2 protein chains.
Amino acid sequence: MINHELIHTLHQLSRRLTNKLNEALKPTGLYGSQWAVIFVLKNKGSLTQKELSEYLAVEAPPMTRTIQRMVKQGYVKQIPGQDKREKRVELTDEAHAKYPEWEKIVIELNKSLLPKSHKEELYQLQKSWLEQLY
Amino acid sequence: MINHELIHTLHQLSRRLTNKLNEALKPTGLYGSQWAVIFVLKNKGSLTQKELSEYLAVEAPPMTRTIQRMVKQGYVKQIPGQDKREKRVELTDEAHAKYPEWEKIVIELNKSLLPKSHKEELYQLQKSWLEQLY
DNA sequence: AATAATTAGTTACCTAGGTAACTATAATGG
DNA sequence: CCATTATAGTTACCTAGGTAACTAATTATT
């Protein structure tokens, strides 16, 4: 029985956190999945869509959609790679300019949401579980 | 930084488990969200849609959709309550008949997916975190 | 008793993420 | 060198879950 509970709790936790993030990001016009991409690009520089989707462990089609939306918003540009199949994605100047404000919102939110204690413990448990799943 | 990692890992874990569940349930024609409803109904008897969505912590509209699909599949029936706004949902005989087979699949899957140790610990951490979020 | 407010469920529309099938380019093998 | 195979990205379509706006039934208020 605890197995069911464990998975259900995990699922619920994940959904609730996503909702909170989207809510907090509302004034910025960003969604959580977009923020994830922006965060990676800010820290890793330009990446191909393939690299992005691998890094975030998401399939290619949702990545395409998320990026296309961000292109429309003017936060990201797609630059054809040497390999003409590839598209390198990078943040626009506008995105770089707005980044600090976005980051602040997310950091504040995380502070308020994350368990005060046991953070490291929980992270290690999750990570080792995730690794078991391959 | 660990905050980002923690949330990302949790999200990824949740997605991966959902995918595994859907994959395992494929031969039955059920999806994970439908299984969740069936599991609750089996253990609680008939419930209104409101009660179901509260119990599973899901909003009413997705619950409506999930149930409508299950009605079409013949696994669930909607019975008008005394309060004519309500619809009580219960499993059909067919669903009861197939339940043991479904349960077996899920139990086998969970056994193979869940971390051998630290299960209780992880569950408690998640639960206390979830409670903090209200 | 009649009107107002609340509640259960549905519909429409949005993002998130998955698979399958496709296109265009690149890499490989005969 | 050409044909085959592999790869990056896109499109179409599916489930999951969310909000807003609606309908119909019930409860509260005046």
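The values are calculated or read from the model by the stated rules, or taken from the named source; none is laboratory data. Predicted model only: the values in this text are computed from it and were never measured. Reconstructed Cβ throughout: ideal geometry from the backbone, glycine too, with neighbour counts over all protein chains shown. With ligands, DNA and RNA removed, areas are computed over all heavy atoms of the protein, side chains included. Shrake-Rupley method; radii C 1.70, N 1.55, O 1.52, S 1.80 Å.
Being at pLDDT below 95 and either under 30 Å from B:Leu125 (Cα atoms) or more than 10 Å from DNA strand C (Cβ to nearest atom) (or both) is a property that holds for B:Gln12.
For the criterion of being surrounded by 15 or more Cβ atoms within 10 Å (Cβ to Cβ), of a type in the set (Phe, Trp, Tyr), out of contact with any Gly (no Cβ under 8 Å at 6 or more places or on another chain) and over 14 Å from B:Leu125 (Cβ atoms), A:Tyr99 passes.
Remark: pairs (first residue in segment A:8-23, farther than 15 Å from B:Gln132 by Cβ and in contact (Cβ under 8 Å) with a residue 40 or more places away in the chain; second residue open to solvent by less than 30 Å² (accessible area, probe 1.4 Å) and part of a helix (DSSP H, G or I); Cβ separation under 8 Å; 6+ apart in sequence or on different chains) = A:Leu21/A:Gly32; A:Leu21/A:Trp35; A:Leu21/A:Val106; A:Leu21/A:Leu109. Looking at this structure, is B:Ala97 small (Gly, Ala, Ser), away from chain A (no Cβ under 12 Å) and more than 10 Å from DNA strand D (Cβ to nearest atom)? Answer is yes for this residue. Got at least one residue in segment A:75-96 being loosely packed, with under 13 Cβ neighbours inside 10 Å, closer than 30 Å to B:Leu56 by Cα and not polar (S, T, N, Q)? Scanning segment A:75-96 turns up no residue that is loosely packed, with under 13 Cβ neighbours inside 10 Å, closer than 30 Å to B:Leu56 by Cα and not polar (S, T, N, Q). Only residues that are more than 17 Å from A:Thr9 (Cβ to Cβ) and within 14 Å of DNA strand C (Cβ to nearest atom) were counted across segment B:15-36, and they come to 8. Looking only at residues of segment A:76-94 that are in a strand (DSSP E or B) and among the basic types (Lys, Arg), we find that the one that is nearest to DNA strand C (Cβ to nearest atom) is A:Lys87. Identify, please: which residue in segment A:55-75 is of a type outside the set (A, V, I, L, M) and within 14 Å of chain B (Cβ to nearest Cβ) and is, among those, farthest from DNA strand C (Cβ to nearest atom)? Looking at the filtered set, the residue picked out is A:Tyr55. Note on segment B:107-119: among residues that are at the interface with chain A (Cβ under 8 Å from one of its Cβ atoms) and more than 17 Å from A:Glu120 (Cα to Cα), the one that is most open to solvent (accessible area, probe 1.4 Å) is B:Lys111. Looking only at residues in segment B:1-54 that are of a type in the set (Ser, Thr, Tyr) and within 13 Å of chain A (Cβ to nearest Cβ), the one that is surrounded by the fewest Cβ atoms within 10 Å (Cβ to Cβ) is B:Thr18.
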